[in-house]
Ligand code: F0G
């Protein structure tokens with residue numbers, strides 16, 4: 001059979017509410033045109049994020065009931081730890097309440113004034129945490145990764161020439177080398193196993209530890225299996241173990257590829273780094289056998305890690321995005337190609353080329369999509385990345401809008417509804433105007449800043 005189906009049936013449903021356009025315009029104006037400010041029950045299809053928004057399986061809900069809530073030494077922790085180590089063979093696994101808590105711990109050890117930390121592309125919370133420590137982050141993704149239309153199987157790869165030069169130039173200022181798999185900020189694009197190995201080798205040649213931000217490790221492994229020569233016959237589990245086997249540590253948001261609604265971890269091999277991490281954890285998250293999570297959360301993650309490497313799931317997961325990208329592409333809408341793992345990215349700078357980057361074409365598109373169809377998306381562009389540490393502003397590398405798909409949550413007809421909405425928008429998009437920011441915090445402004453329509 002050629003049809004790729006959702007490889008599950010639905011046991012429990014949650015109604016979603018249809019709203020009128022005039023209602024949606026009112027809701028959004030009241031939030032200062034920031035989609036993070038909406039009440040979620042005023043959203044029809046919520047593609048704001050794939051983080052913590054997925055559906056748990058019946059097996060995960062069953063595991064929740066066996067959660068042991070002991071303060072120290074809970075058996076739920078040991079089941080969680082074993083599930084992580086089965087895929088990621090690190091010596092120390094330290095749970096946190098979500099990914100950014102693991103990042104805060106990582107940079108409490110490795111960050112600090114004057115330090116420089118390279119990655120393919122740091123995600124916004126990673127950058128926020130390392131900058132808060134006084135360090136500076138550098139994005140060294142390959143040139144194809146910055147070009148929405150460049151077709152490349154692994155657009156998340158690190159530019160090895162740039163990294164070697166960087167390590168030579170910055171020497172002692174570099175405390176570690178990072179890679180984000182998949183590269184979220186660059187369009188959910190994968191990193192090849194060859195690139196992961198080469199980055200590890202370079203980092204180690206210069207005496208630096210190598211860390212992976214592994215949020216979407218299973219999606220990344222699926223791309224390795226289906227796109228990298230010699231990998232097709234290997235199991236996802238083997239590929240995942242190879243990816244992490246060359247690393248010295250990782251940070252993780254278990255709200256992505258562990259099917260969790262909450263959770264994360266930092267894992268390392270080095271005993272001293274582990275000890276310092278645990279000290280920080282005890283001060284900020286909790287005791288090392290629960291790290292800000294309930295025992296029942298740890299059980300859900302342990303089961304989720306067993307389910308996420310299922311090939312039928314990954315085939316359906318990756319196909320959903322590819323289907324939408326194919327349809328939008330056929331309609332002449334500029335999309336990031338090939339499709340990424342967790343999301344579809346629209347090149348708003350190219351599609352709304354009458355709106356200057358500093359008037360936020362991505363924000364204009366995200367607002368229009370909600371007003372028209374009740375779909376919530378997320379700007380990944382100049383609003384998110386344009387503000388500089390010195391308070392100035394400059395255009396981000398790209399102005400994208402992300403449609404991130406929660407795991408196992410929406411069906412084919414939801415995808416078709418999204419495609420239809422873009423068809424409608426295509427007719428009126430030249431009349432959309434830009435935005436200006438009227439209030440913003442110092443860091444990570446996209447979550448809470450308020451906008452005004454220019455000319456309104
Ligand atoms: N790293 C990457 C690559 C991420 O995508 C995220 C979260 C984090 C770290 C932080 O994890 O949310 O558990 O604290 N990304 C979400 C998103 C928020 O919508 O892409 P967290």
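Throughout, read-outs are computed from the coordinates displayed, never taken from laboratory work. Nothing here was measured: the structure is a model prediction, and the numbers come from that model. When we count neighbours, we look across all protein chains shown, and the Cβ atoms used for this are built from the backbone with ideal geometry, even at glycine.
In table form, for the structure just shown:
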quantity: Förster-model FRET efficiency, 45 Å R0, residue 11 and residue 390, C-beta, rounded to 0.05; calculated: 0.30
quantity: Residues 378, 243, 449 arranged by fewest to most Cβ contacts within 10 Å; calculated: 449, 378, 243
quantity: Residue exposure sequence - 367, 13 - by fewest surrounding Cβ within 10 Å; calculated: 13, 367
quantity: For the chain, the fraction of alpha-carbon pairs in successive 20 Å shells from zero, as %; calculated: 25, 59, 15, 0
quantity: Gain in span if fully extended, residue 310 to residue 409, counting 0.36 nm per residue against the direct Cα distance; calculated: 34.0 nm
quantity: Separation in nanometres of the label points that stand 7 Å from Cα toward Cβ, at residue 143 and residue 232; calculated: 3.1 nm
quantity: For region 58-307: rounded, prolate or oblate by the Cα gyration tensor [a/c cutoff 1.5]; calculated: oblate
quantity: Ranked 331, 65, 1, criterion: other C-beta atoms within 10 Å, fewest first; calculated: 1, 65, 331
